[in-house]
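The values are calculated or read from the model by the stated rules, or taken from the named source; none is laboratory data. All of these numbers come straight from a predicted model, not from anything done at the bench. For the accessible areas, the whole protein counts, side chains as well, though only heavy atoms, and no ligand, DNA or RNA atoms are used. Shrake-Rupley method; radii C 1.70, N 1.55, O 1.52, S 1.80 Å.
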Amino acid sequence: MKSVISARDIEELLRTGSDPRSLPPDAILTPSARDLLRDLEFHGAANHRDSSPPPPSAPAAPAAPVTARSSQGDLEAFFNSPAIQALKDQVCDIGRRLWQRAYVDGNGGNIAVRVSEDVVLCTPTLVSKGFMKPEDLCLVDLQGNQLLGSKKRTSEILMHLQMMQRQPKDLASVHCHPPYATAFAVAGIEPPTCMIPEYEVFCAVALAPYRTPGSPEMGKLVADLVENYNTILMANHGVVTWSHNHVEEAYWRMEIIEAYCRTLTVAAQLGKPLNTFSPDQLKDLLKIKQGLGFVDPRYGLKECELCDNDQWRPGVQCAVPAEKTPATEADPDAEALVQKVTDLIMENLHIQRVDAP
Ligand SMILES: [Zn+2]
């Protein structure tokens, strides 16, 4: 039977010292696995270009496990090991894709990957993610102290590290400023739900308030959300995503949230109310999501609590039916007050909608 080989499988082979060239000839490679093999010059096609034999250094030796307290020599051997070199290539490739998709601007955006218990590989400061080289990457400990790398680590690493400390499953995170998702963050709107399945399965989105980028306060506000959310919109700033599988998946989340926000922005201009799928259809998607091990705060919610889009114009309300409690007698004064408040809210809502462009 043919097997599907992902970049993660290749990384695992490298980590365990196996030779990726020993893959069965009928193995189906995912695009990222193909890229990784090409980078490693293990792929047959790369060697077909000339008749030279495969590189003598293969197979890659596994990287010896290190901690932040390992000796300088051990850390350097780890930092220059084939497995970490392959990861550096992958991070640079993701940086290029972030830049090509205009998700980063100037030297903005950063990527962090946990490579051992308390050691993290990350991108440098003041380098465009579109033109980053493997030798630009840095190694830091969980407090952000730089262990290795000729360039200074990103100032926003503190946020990534706070996320990793709070969410032990967080293996890799990507931060950038994709325009459509950032526009939602600037407007303070959490994107509505129940519109596109892929978004529901891959992303669990929350909005963190604004603080100065790179400050411990910003990191804390994001870290407060990572138990239940993997895609955080940072008000007036950008987006950060994380994955428990691999850095590629954290990057995919970025593509998915950005495509989603762009689609909604276009759909909202078509002059028709937007359709949603039903709460029980969302429940099916959440089952798939839970099976994939992705976090989401909506597991176990009642159907009527799902698909609550009240932050999004024109607003889809999901009222939870009040349970009748026979012991409680209706209080006419309280009911009149509730009615008055409801009328006031409705009046305000009406004014907002009339004023909205
Ligand atoms: Zn930023």
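Tabulated values for the structure
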| item | result |
| --- | --- |
| Which of Tyr180, Tyr199 is most accessible, then next, and so on - probe 1.4 Å | Tyr180, Tyr199 |
| Accessible area per residue in Å² at 1.4 Å probe, computed on the range 203-288 | 43 |
| Kirkwood Rh in Å, taken over all unlike Cα pairs in the range 152-293 | 15.5 |
| Candidate residues Lys272, Lys169: accessible-area rank, largest first, probe 1.4 Å | Lys272, Lys169 |
| Solvent-accessible surface (1.4 angstrom probe) belonging to Thr276, in square angstrom, nearest 10 | 60 |
| Ile257, Ile189, reordered so the largest accessible area comes first (probe 1.4 Å) | Ile189, Ile257 |
